[in-house]
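Taking it in order: structure first as structure tokens, then the write-up.
All of the numbers you see were taken from the coordinates with simple rules; none came from a lab. Note that the structure is a prediction, hence the values are computed from the model and not measured. Ideal geometry is used to build each Cβ from the backbone, glycine not excepted, and the neighbour counts take in all protein chains shown.
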There are 2 protein chains.
Amino acid sequence: MFRAPVGDILFTLKSVAGLTDVMAFPAHGELSDDLVDAIIEEAGRFAAEEIAPLNEIGDRQGAVLNDGAVTTPPGWKEAYLRWREGGWNSVISEPEFGGQGLPTMLHVAAMELWNSGSMAFAIGPTLTIGAIEALEKHASPQLQETYLPKLVSGEWMGTMNLTEPQAGSDLNALKARAERAGDGTYRIFGQKIFITYGEHDFTDNIVHLVLARLPDAPAGTRGISLFLVPKFLVNEDGSLGARNDARCTGVEHKLGIHGSPTCTMSYGDEGGAVGWLIGEENRGLACMFTMMNNARLAVGIQGVGVAERAMQHAANYALERRQGRAAGDAGEGMSPIAHHPDVKRTLLTMRALTQAARAICYSNAHAIDMAGLVDDEGSRRYWSERAGLLTPIAKAFSTDIGVEVASMGVQVHGGMGYIEETGAARLLRDARIAPIYEGTNGIQAIDLVTRKLPLSGGEHIRGFLAELGEIATSARGANRAEFARMAERLENSIADLREAVEWLLAALGEGRMSEALAGATPFLRLAGLTLGGALLIKGALRSSGDSPAERLRLLAARHFADSHLPLTGGLAADVMGGADAVTDFDVSLIAS
Amino acid sequence: MFRAPVGDILFTLKSVAGLTDVMAFPAHGELSDDLVDAIIEEAGRFAAEEIAPLNEIGDRQGAVLNDGAVTTPPGWKEAYLRWREGGWNSVISEPEFGGQGLPTMLHVAAMELWNSGSMAFAIGPTLTIGAIEALEKHASPQLQETYLPKLVSGEWMGTMNLTEPQAGSDLNALKARAERAGDGTYRIFGQKIFITYGEHDFTDNIVHLVLARLPDAPAGTRGISLFLVPKFLVNEDGSLGARNDARCTGVEHKLGIHGSPTCTMSYGDEGGAVGWLIGEENRGLACMFTMMNNARLAVGIQGVGVAERAMQHAANYALERRQGRAAGDAGEGMSPIAHHPDVKRTLLTMRALTQAARAICYSNAHAIDMAGLVDDEGSRRYWSERAGLLTPIAKAFSTDIGVEVASMGVQVHGGMGYIEETGAARLLRDARIAPIYEGTNGIQAIDLVTRKLPLSGGEHIRGFLAELGEIATSARGANRAEFARMAERLENSIADLREAVEWLLAALGEGRMSEALAGATPFLRLAGLTLGGALLIKGALRSSGDSPAERLRLLAARHFADSHLPLTGGLAADVMGGADAVTDFDVSLIAS
């Protein structure tokens, strides 16, 4: 039984991540506190009542390909229709095309809830949102008029077609090709793999966004263009026309998210798929990157959503299952395993990691919102850089802890955790994709080190560290023993992070790229732990400890400070001292 | 393609874990260096050629229950028959009943290889060995004569029946009952769950060892007796007689190890299963514990086996798959992803963790062997305590890293890692059981803290720390820069471990049990990292660095020292400072 963590979400939005700042802008003038509460409550209700029950059957039956058509699991299409009728597809889209124009923060919070319900269900609309953003920013008015209203309403869904067998993390190797048809349209040819919701029965039409090369395009990523390729062509009056030459030829057999059809798409097998250019020729990657940054945060929040679900699942089991006798338990008979210190510790860790990742993702959304709201150039730059800095952390840290928390959930269930019917293993299988797609977490770490640390010549990350220091100072000033201890741990972690940052900046400045990259993954973890700890402490400072929810928040912050922040010293040492052995390592030695 | 790591296994056995000491005893006088090499080479050949190819079909088809009979996957029975004809079932059993009486160290090394081939295949014989040990030590001569020769040869297999739905980690709650039949036999009634290889088609007979209570037994674990319950009764002449009242009523649908039938067993539905007492009435748990300690090491080695397989699988992929251009790569075109620092780091970590866990497990086997070989009381006590100390570390650390390394293997494969056909995900699914069964890793951590640290009033662990210190001293004395650095890291980690040990001993001494238990899991990790690092450094000290294998050993030790040992400080801080928040945490707050 999933209960939407409405209270925690609202608290984190408002008291930790800065939603109130966003609401203060005239653009969101109609967004009252009550309205925010109502939106999250209703999203929570929908996620718990309508989506969460779908995940098991989705896993068991999966999406099935038959003769080119994909059938989603029983009940999924109906749930999607109710979901879009509820207006949930249009939360952040621009009002011009029917969107509600709400802040990204609210959208991310709602996405978390859909993902707690079912990652496999939630990932579909995430791709539609990405397609909408690309069209809003880069498509011609005519394309926008034809496609955006139906995408925004959710009547049609969208896809992103990047990957080819030889081109995954490296889009230079892209081979799909596009030819000019002479009438302003193009013909698209090639195979794409790993296309999420590339074919399905939710909607009448599917709008594929496809990266391909023109015949005269330069090599590499500067020769890639983005095309809109609908499953069905659209007539002038908006009705559906001919079937386009774009077909699903296979659905992958995956570890998890079985309800989400991961398609092999074949374009142009029968003469060429009709496509329309989005943006300029050879500038497709820039259009795609617009979508990708937000998609990375959307994947990060999947980690939070699945972690929340796994944590609840494990806590419920641990309160029911009785084994052994916990020290200090009064009375007779066996104790709930939730009373045993080792299980308590695991559950508290699950809770603390989930809340830390939630706060990081919402802070990332906050920065995206602010970058779009502020009107002076300096502020826009500051918030854009902040969003850029937080994106790889939000994506990688949250999805890593998503897997870790789901795995802890399996462990809390003991032998039952390994039995599929229990559901704990399913959450682990689902969670495992998130560190991989939308840029593997290794690529996020590389992005963080090589592109985000050097922003504004290193001054942005230094300012960020100073801001974290202010949280530690506030904790010092709280004049309570538990906060003094949290402050000390946080100060130590900030010092560790600062040392690693300066070491990396120096290494980058001196061209020691391999050395810097060898420590990218532990550096990202170090940054995630420090930021996560700071945000939990910030939340704890705003919690009186009077209600159970507030007591839990204090406990999670203390636990994070006592048990997770102490790891930053070792991670910093690894970043700064671990490169030699990695650099000297020749993998082919293993094969010899 | 799995290649048996024969060189690493032999090096670790002989130069790190102490096989040469064991071979020096007259009991193993016939065991020459060449014979050891030949045994491991042949085990490696069998694992790579005969077992490894079975794992995929085993996963896909699983073991199937039909009308009470379990059919193992195609090819599995034939492989089992070849395996037992090779004499692999009788490696450590006593010569009296047809065993080869070889050291546990060799048995554990061979088990590692079977598990690299297929965990689901290897776990079956592991249970047989457990049954053999219990019968060797506790059964009457008549039972031994009837059952041991066929169990030792592998003509029959054995099972362990402990768990019931309400009694998993806590055997106090056991309900299965036994009645005296008046003729010296017993009738057994009750249901057991999670019975590995409880029913199958490998052998004509299956020998179940079943825990049950006599009518007049005291409550709790002091009222549990152990019974031998064969699937088919055995006639005086050794031929098979009547079918016993012991049946498989279900096979679990699990996350992994699908080839291994995990059975629900029902005893006595038709009047009572005929059973024979093993050992004394009400002393069944003592008999079972004989098996369980060795079974824990057998599960630990599963972690090593699956990690080795996952590491090779990932390294092979990373050398073939090309994406992007690694800094410093000469020439044109994309680099193998194995050249990218972040992937190199991951592969080196996989390698180092696997080798560390291997060395820990073999050292545990060494202590078991020594305890059985030495003839003075003091030495026997020393080696028994050492085996006891190392068992929870070998079980929990190795199975934790088994999951971690398998998960890294998925990650190295990128999107392909999530596709089942790649095989990386299957290894992760298989690996995930090992931290759970034979005592969850949380229970191992509790065992380590509450039963093993206090051995000899804390003097055993203190002596162990001093021995680790000698490795650091040797590294200091090696007079090479890389060893000085390794020595420093190891000294720091030993100091961290020592501080945590003394803190825990004080907490236990003062009755602060909950506080000690709250840090049990990070303490076990701290101990595993420190011991693993020490053993890798010990191995590196004995490696000249001339061959690729020796260069790799040095690199793995340096990487472990640079990147993994620095984490011990944070873990020690967690052990000593993390209990408060855990103790204050009331899990029911989450449900409120």
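Of note:
- Segment A:440-584 - percent relative contact order, Cα under 8 Å, separation 6 or more: 31
- Taking every DSSP beta bridge that has both ends in segment B:157-282, the antiparallel portion is near 85%.
- The calculated Kirkwood hydrodynamic radius for chain A is 24.9 Å, given to one decimal from all distinct C-alpha pairs.
- Between residue B:278 and B:226, B:227, B:228, the built amide H atoms are under 5 Å apart, and every one of these is 5 or more places off in sequence or on another chain.
- Close amide H partners of residue A:325, meaning residues 5 or more places away or on another chain with modelled amide H under 5 Å apart, are A:335.
- Taking the DSSP beta bridges with both ends in the protein assembly as shown, the antiparallel portion is around 85 percent.
- In segment A:379-463, the inverse of the mean reciprocal separation of distinct Cα atoms equals 14.5 Å; this is its Kirkwood hydrodynamic radius.
- Per-bin percent of Cα-Cα distances, segment A:10-76 [10 Å]: 18, 29, 19, 20, 13, 1
- In percent, rounded to a whole number, the relative contact order of chain A is 13, using alpha-carbon pairs under 8 Å and six or more apart.
- 10 Å-binned pair-distance histogram of segment A:205-363 (Cα, whole percent): 9, 21, 23, 17, 13, 10, 6, 2, 0
- For residues of B:552-562, the mean tally of beta carbons on other chains within 10 Å: 4
- Projected-area mean, segment B:318-459, by convex hull of Cα positions, square nanometres: 11.6
- Between copies, residue B:325 shows label-point distances of 7.0 nm, shortest first, with the point placed 7 angstrom from Cα along Cα to C-beta.
- Copies compared at residue B:484 - label distances in nm, ascending, label defined 7 Å from Cα in the Cβ direction: 4.1
- Pairwise centroid distance, computed over Cα atoms, of segment A:342-374 with segment B:403-444, Å: 26
- Projected area, mean over directions - segment A:177-235, Cα convex hull, nm²: 5.0
- Considering only B:295, A:571, A:392, the residue lying farthest towards the positive end of the dipole of the protein assembly as shown is A:571, judged by Cα position with unit charges set on Cβ.
- Computed from Cα atoms, the angle from the helix B:119-138 axis to the main principal axis of chain B rounds to 60 degrees.
- In sequence order, calculated HN-Hα J values of segment A:159-166 (Karplus, 6.51, -1.76, 1.60; Hz; x Gly/Pro): 9, 10, 10, 10, 5, 10, x, 8
- Equivalent ellipsoid, segment A:271-336 (semi-axes from 5 times Cα gyration tensor eigenvalues, Å): 56, 13, 6
- Electrostatic dipole magnitude of segment A:1-107 [Cβ: Lys, Arg +1; Asp, Glu -1; Cα centre; debye, to 20]: 280
- Positive minus negative residues near residue A:566 (Lys, Arg vs Asp, Glu; Cβ under 12 Å): -3
- Positive-end residue of A:509, A:278, B:520, charge dipole of the protein assembly as shown with Cβ unit charges: A:509
- Peptide-level mean, for B:411-423, of C-beta atoms on other protein chains within 10 Å: 6
- Relative to the Cα centre, the charge distribution of segment B:440-582, modelled as +1 at Lys and Arg Cβ and -1 at Asp and Glu Cβ, gives a dipole magnitude of about 480 debye.
- Nm distances between copies for residue B:181, ranked from closest, using label points 7 Å along Cα→Cβ: 8.3
- Cα long-axis angle, helix B:377-412 against chain B (0 to 90 degrees, to the nearest 10): 70
- For chain A, the longest principal axis of the alpha carbon atoms and the long axis of helix A:104-117 meet at an angle near 80°.
- Gyration tensor verdict on the protein assembly as shown (Cα atoms; rounded if a/c is under 1.5, prolate if a/b is larger than b/c, oblate otherwise): prolate
- Dipole magnitude (debye, nearest 20) for segment B:157-282, charges at Cβ of Lys, Arg, Asp, Glu: 360
- Since only B:178, B:193, B:267 are under comparison, the one whose Cα sits farthest along the positive direction of the charge dipole of segment B:157-282, derived from C-beta charges on Lys, Arg, Asp and Glu, is B:193.
- Cβ-based net charge around residue A:150, under 12 Å, with every Lys or Arg adding one and every Asp or Glu removing one: -2
- Pairs of alpha carbons in segment B:157-282 separated by more than 20 Å make up 40% of all such pairs.
- Euclidean distance of C-alpha centroids, segment A:27-80 and segment B:290-318, integer Å: 40
- ³J(HN,Hα) computed for each position of segment B:61-78 - Karplus, 6.51 cos²θ - 1.76 cosθ + 1.60, integer Hz, glycine/proline x: 8, x, 8, 10, 8, 9, 6, x, 9, 10, 9, 7, x, x, x, 5, 4, 4
- Segment A:208-253 and segment A:152-187 have Cα centres spaced 5 Å apart.
- Each residue of segment B:277-291 was assigned a 3J(HN,Hα) from its phi angle through the Karplus expression (A = 6.51, B = -1.76, C = 1.60, θ = phi - 60°), giving 6, 10, x, 9, 4, 6, 10, x, 5, 4, 4, 5, 5, 3, 6 Hz with x at Gly and Pro.
- Alpha carbon convex hull of segment A:440-584, volume per residue in cubic angstrom: 100
- The local environment of residue A:92, defined by Cβ-Cβ distances under 11 Å, has a net charge of -4 under the rule Lys, Arg +1 and Asp, Glu -1.
- Peptide A:333-344 shows a mean partner chain C-beta count of 6 within 10 Å per residue C-beta.
- Near residue A:201, the amide H atoms lying under 5 Å from its own belong to A:72; only residues 5 or more places off or on other chains count, and H is placed 1.01 Å from N.
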